[in-house]
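Asker: Can you read through this structure? Questions will come right after.
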Amino acid sequence: MTATSTTAPASQTLSRGIRMLEILAEANGPMTIAELAEDLGVHRSIAYRILRTLESHRLVTRDESGRVHGAPGLAVLASSVQRDLQSAALPELTLLANELKMCAFIAVWDQPDCTTLVTVEPRHVHAAVVQRPGSRHPFGHGAPGIAMQSTLTEEQWAALNHETPYRKIASEARALGYATSIDEVIPGLSSVAAPVTVPGQLPAAVAVVYSTGSRQNEVAAIGERLKAAARAIEAELG
């Protein structure tokens, strides 16, 4: 058996295992093995073998009904991702969430996407829009991507040869210090974000998300508050 023939199946299995974790992260709740198999596009027996491997590493678990959840091992892995940024941002996110009564989060540049790194939900609010950690959306959509893009001029962006075009609104966000987005990622939801410069890393953004139309008259004030939070996070990182 050649080296190539032994490597390919292992890579495919790893890819499917990672994809299963992504599917669970994107789901609104626990899933059955049959649902996971369907979303993976594999036979249920293959999904079950992948599941058993992930269970052995404490990355997933099953409840009494057999539905699959993320397990504590995921939190251990996540805690090591940009640990300094998470630690610096958490106090500011908590203040933002409870002051603005919105879900506050840090998004990071995860080419070609934006990925939510850490989220804080407001206390004593029964109907807040929630942005889950690990959720992703294309870099070219939404306020976090615009905010991150605004840290560069159009010429600097062109030099990166990134697949996402430089957006005119990024220049406007550069002047304002924050970016806004309406209905770009999910219809009915809007966001405001301010860029965060992370030493030695790609830029991130501190952001909030809310139902479109509910806070539109407060966007400028929200943007200024996010700018202040971004500067506080940068000072903590510095």
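The values are calculated or read from the model by the stated rules, or taken from the named source; none is laboratory data. The structure displayed is predicted, hence computed values, not measured ones. A quick note on method: Cβ atoms are made from the backbone with ideal geometry, for glycine too, and the neighbour counts reach across all protein chains shown. All accessible areas refer to the heavy atoms of the entire protein, side chains included, with ligands and DNA or RNA removed. Shrake-Rupley method; radii C 1.70, N 1.55, O 1.52, S 1.80 Å.
Asker: How much accessible area per residue does the chain have, counting only protein heavy atoms and a probe of 1.4 Å, in square angstrom?
Answerer: 54
Asker: For the chain, modelled as a GNM with alpha-carbon contacts under 10 angstrom, which of L40, L160, L90 fluctuates the most?
Answerer: Comparing L40, L160, L90 in a Gaussian network model of the chain, the most mobile one is L160.
Asker: If you build a Gaussian network model of the chain, linking Cα atoms that sit under 10 Å apart, which residue out of V108, V129, V209 swings the most?
Answerer: Of V108, V129, V209, the most mobile in the Gaussian network model is V129.
Asker: Further question on the same structure: Hey, could you pull the Cα Rg and Dmax for the chain, both in Å?
Answerer: 19.7, 67
Asker: Among A175, T164, A221, which residue has its Cα furthest toward the positive end of the charge dipole of the stretch 150-238, with +1 on Lys/Arg Cβ and -1 on Asp/Glu Cβ?
Answerer: Of A175, T164, A221, it is A221.
Asker: Longest span of the chain, sites excluded, free of GluC sites (Glu not before Pro) in DSSP loop with at most 16 other C-beta atoms within 10 Å?
Answerer: Longest run free of exposed loop sites: 65-162.
Asker: OK, next. Membrane-span-like helices in the chain: DSSP H runs reaching 15 Å or more (Cα, own axis), mean Kyte hydropathy at least -1.0?
Answerer: The qualifying helices are 3-26, 44-56, 83-100, 219-237.
Asker: Cβ under 13 Å from V208's Cβ, V208 left aside: what net charge do those residues give with Lys, Arg +1 and Asp, Glu -1?
Answerer: Result for the local shell: -1.
Asker: Counting other Cβ atoms within 10 Å of each Cβ, which chymotrypsin sites (Phe, Trp or Tyr not before Pro) in the stretch 124-166 have at most 12 and sit in a DSSP loop?
Answerer: Sparse-neighbourhood loop chymotrypsin sites (Phe, Trp or Tyr not before Pro): none present.
Asker: When the accessible area of the stretch 122-238 is split by element with a 1.4 Å probe, what percent falls to carbon and sulfur?
Answerer: 54
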